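The values are calculated or read from the model by the stated rules, or taken from the named source; none is laboratory data. Bear in mind the structure is a predicted one, so any value in this text is a computation, not a measurement. Note that each Cβ is placed from the backbone with ideal geometry, even for glycine, and that neighbours are counted across all protein chains shown.
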Amino acid sequence: MKRGRRTGESAATGVSESERLLFGGPLAYDIGWDQHEGAWLELGLWRMARDLPAMVGTALGLARRADAPALRTVLGAELGRGIVQAAGLVAVNAVLGHLMASGPTTARLTGSAPALLLVAVAGVLGSLLRSASTAATGALEPKVQRLATEQFLALGHRVELTAIEDDEFHRLLDAARYGADSARRMIRYCTNVLNSAVSLIAAAGVLTVLHPVLLPLLVLMTLPSAWGALVISRQRYVSFHSFLQHARAGHLLGQLLTEQQAAAEVRVHDVGPFLLTHFRGMAETSEREQTRLARRAARTGLIADAAGGLAALATYGSLGLLLWAGRMDLAVAGTAVLAIRTGASSLDSLVLQVTELYQESLFVADFTRLCAEAEARTIPAGGADLPERVREVRFEKVTFTYPGGPGETPEPALREVSLAFPTGKIVALVGENGSGKSTLVKLLAGLYLPDEGGGTVRWDDVDARTADRSQIFGRVALMSQNFYNWPFTARVNVGIGRPGEPIRDEAVEAAAAFSGADEVLAGLPRGLRTLLGRGYRGGHQISGGQWQRLGIARAHYRDAAILIVDEPTSALDPLAEQRVFDRIRERATAGQTVVLITHRLHAVRHADLIHVLKDGRLAESGTFEELMDERTGTGDFRDSYLVQADAFSTSLPSPRHPDARQRS
Ligand SMILES: Nc1ncnc2c1ncn2[C@@H]1O[C@H](COP(=O)(O)OP(=O)(O)OP(=O)(O)O)[C@@H](O)[C@H]1O
């Protein structure tokens, strides 16, 4: 029943044509939360009362860690303000008592003077305490946000790669990012709640003394607005979750229109109007949702106001009745009206602040859930030590499957693969697109582990599953197909290969010479200090091949035991490519293991060992000669090699470039 109602809430907006066309289906949907989390979404008074303390505890815990003295100042000042307000109310009561007593006006005025002075002192003290609280809150909030964001980012970068690639985990990451901001806002709401609660207690205390029936009436007056605020808050929260991916996709469309990478195609292919149309399509879906929410909020607000009005009528009616029946003095009734007004506004503000606090706390709960989930999916720290000098890394019947989406049963990307990477050798991995080469080297690099019961990757006798993964990472330099172009200086683009150490310019220059990036550096306006990335002051753009040379330099600078190069030279010109392959051979001679993935089969002639993958299985292994020999090879490698060789078989004029002639 509840599930149906909730699903209906967001389904009401429908799926836009843009979502269907660009993203293949609805992005605003209710999955996950209903099915897995269920009860935590139930926003009711009871649940709020039960969960809120823990959530407030989380925010206050963050605040204490961020700046304990500032937190103490805020709490002390707010508590003080409440007490001062209570004293002020009592003093007002005394003033009214004196003014409405019988006797000459001068005597009544003189009699009320001390109480009046107390009212004034309470006002001044209240202002001082408020400014102390404002200053401390202002200092505390950004620190809490920084701490929460840092915690979020620290967890995010330590989780397994499979978690980062998991759609559900990504949704949680999105929500938790918002939760870090919520932690900041919670501090303000916490102080407001504290303040309203103390002044409410003061007003309630005064009311109870005046007449016991006034207190329940005060509570009755506020219940409808509490209900209204809760319902609206719940609707907003459900909507936020339903629209998380939709909002990200809409943002993406906006970004694509102005992004540098897409800029050329956007203009030449005239993609701009297409993207803009769909941006509007997506935005209109969001607008419909906002309109729907606003209508429901207006309806809920009306009902709450009507009920609140009836309750106010009952309260003031009861006060009138008490006066009429002579059960209350006029002075007491005056104070009662004042206390009811103060109490009602404190209670209103308390309810509003608690509801806001609760709404924020739900996002902080996402943050807490992310922390727990990330903790469970974090790459474990510690483990078995790798041998000082590893003789080989061995794959034994390794099967690996990428996680599938809901309702999918994905096929394994690797099936029972057994092969070895001996130390100090050049090992080539070849095979068709999608045959599993990149997946296999990610297992070698420790980024993925084999399926449960799906074989073992061994570093000599140490199983990668139980090994200290940071040691595996430390042994590997990865120059992957999709290496990252860091939008920093050229120096950092190479030096980030060893991020834990100060960058040494001589080593950076040596690494650049290794990959041919020295020529790139020579052409940069500020050499190593040139910022690589348009869009920032002094930013410089380099070509795809030049980025690749820098990427290879970075992998070399890392100076790891195993150098994995996945299609390292796809963007290099032929001479630069030849130079890189020559240098890679030198590295292997110097004792480094080189794992080379390439589709240019002539480049693997000099490999010590070639593994051929096909449909996620090992098709054959051997030296170039063995694979080319009809008696020892299966033909998988030979056939592909001959197809490529055939393209070059016509006799060509000899090269003019001296380097090329030397090598031929
Ligand atoms: N992150 C991923 N999530 C899910 N499936 C993936 C992921 N990466 C690769 N795959 C799938 O795993 C299979 C093997 O992909 P892989 O990238 O290892 O192939 P490859 O041999 O390196 O291909 P190519 O020569 O085109 O680079 C493919 O079917 C691919 O769709």
- prompt: Is it the case that the stretch 367-388 has a residue that's assigned to a loop (DSSP other than H, G, I, E, B), hydroxyl-bearing (Ser, Thr, Tyr) and either touching a helix residue (DSSP H, G or I) at 6+ places or on another chain (Cβ under 9 Å) or without any contact (Cβ under 8 Å) to a residue 40 or more places away in the chain (or both)?
  reply: no
- request: Test residue 377 against the stated conditions and say whether it is over 30 Å from residue 99 (Cβ atoms), surrounded by fewer than 22 Cβ atoms within 10 Å (Cβ to Cβ) and within 16 Å of the ligand (Cβ to nearest atom).
  value: yes
- prompt: Just wondering, is there one or more residues in the stretch 150-169 that are touching a His at 6+ places or on another chain (Cβ under 6 Å), of a type outside the set (Phe, Trp, Tyr), in a helix (DSSP H, G or I) and over 30 Å from residue 451 (Cα atoms)?
  reply: no
- line: Restricted to the stretch 236-257 and to residues being at pLDDT 80 or above and of a type in the set (S, T, N, Q), the residue farthest from residue 366 (Cα to Cα) is 255
- prompt: Out of the stretch 428-456, which residues are part of a helix (DSSP H, G or I), touching an Asp or Glu at 6+ places or on another chain (Cβ under 8 Å) and near the ligand (Cβ under 7 Å from one of its atoms)?
  reply: 437, 438
task: Look through the stretch 118-143, keep the residues that are touching an Asp or Glu at 6+ places or on another chain (Cβ under 8 Å) and closer than 30 Å to residue 178 by Cβ, and return whichever of them is surrounded by the fewest Cβ atoms within 10 Å (Cβ to Cβ).
output: 139
task: Would you mention how many residues in the stretch 99-115 are under 19 Å from residue 333 (Cα atoms) and not small (Gly, Ala, Ser)?
output: 3
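Residue by residue, here is whether (1) surrounded by 14 or more Cβ atoms within 10 Å (Cβ to Cβ); (2) more than 16 Å from the ligand (Cβ to nearest atom) holds:
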{"site": "110", "(1), (2)": "no, yes"}
{"site": "116", "(1), (2)": "yes, yes"}
{"site": "145", "(1), (2)": "yes, yes"}
{"site": "156", "(1), (2)": "yes, yes"}
{"site": "160", "(1), (2)": "yes, no"}
- line: Those residues of the stretch 460-482 which are crowded, with 19+ Cβ neighbours inside 10 Å and in a loop (DSSP other than H, G, I, E, B) amount to 464, 480
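Every residue, every condition in (1) touching a residue at least 60 places away in the same chain (Cβ under 8 Å); (2) under 24 Å from residue 261 (Cα atoms); (3) within 16 Å of the ligand (Cβ to nearest atom), yes or no:
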{"residue": "493", "(1), (2), (3)": "yes, yes, no"}
{"residue": "513", "(1), (2), (3)": "no, no, no"}
{"residue": "526", "(1), (2), (3)": "no, yes, no"}
{"residue": "533", "(1), (2), (3)": "no, yes, no"}
{"residue": "550", "(1), (2), (3)": "yes, yes, no"}
{"residue": "556", "(1), (2), (3)": "yes, no, no"}
{"residue": "562", "(1), (2), (3)": "yes, no, no"}
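Do we have residue 180 as of a type in the set (Gly, Ala, Ser), at pLDDT 85 or above and more than 8 Å from the chain's Cα centre (by Cα) here?
Criteria not met by residue 180.
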- prompt: Quick check: is even one residue across the stretch 566-576 within 16 Å of the ligand (Cβ to nearest atom), surrounded by fewer than 16 Cβ atoms within 10 Å (Cβ to Cβ), under 21 Å from residue 444 (Cβ atoms) and modelled with pLDDT of 75 or more?
  reply: no
- prompt: Condition test on residue 238, is it exposed (fewer than 15 other Cβ atoms within 10 Å of the Cβ) and aliphatic (A, V, I, L, M)?
  reply: no
statement: Out of (1) in a helix (DSSP H, G or I); (2) touching a residue at least 40 places away in the same chain (Cβ under 8 Å); (3) farther than 29 Å from residue 598 by Cα, the one residue 345 does not meet is (2)
task: Could you tell me which numbered condition residue 408 fails, if it satisfies all but one of (1) in a loop (DSSP other than H, G, I, E, B); (2) in contact (Cβ under 8 Å) with a residue 60 or more places away in the chain?
output: (2)
- request: Would you please name the residue that is surrounded by the fewest Cβ atoms within 10 Å (Cβ to Cβ), looking only at residues in the stretch 397-421 that are in contact with a Ser or Thr (Cβ under 7 Å, 6 or more places away or on another chain) and within 17 Å of residue 609 (Cα to Cα)?
  value: 419
Residue among 326, 317 that is surrounded by fewer than 17 Cβ atoms within 10 Å (Cβ to Cβ), more than 30 Å from residue 232 (Cβ to Cβ) and either of a type outside the set (D, E, K, R) or touching a residue at least 40 places away in the same chain (Cβ under 8 Å) (or both): 326
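Just checking, how many residues over the stretch 145-177 are touching a residue at least 40 places away in the same chain (Cβ under 8 Å) and under 27 Å from residue 404 (Cβ atoms)?
20
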- request: Pick out the one residue from 604, 612 that is β-branched (Val, Ile, Thr) and over 22 Å from residue 580 (Cβ atoms).
  value: 612
- request: Determine which single condition residue 542 fails, assuming it passes every other condition in (1) modelled with pLDDT under 85; (2) in contact with a helix residue (DSSP H, G or I) (Cβ under 7 Å, 6 or more places away or on another chain); (3) assigned to a loop (DSSP other than H, G, I, E, B).
  value: (1)
query: Out of the residues in the stretch 258-288 that are among the hydrophobic types (A, V, I, L, M, F, W, C) and farther than 25 Å from residue 167 by Cβ, which is modelled with the lowest pLDDT?
result: 264
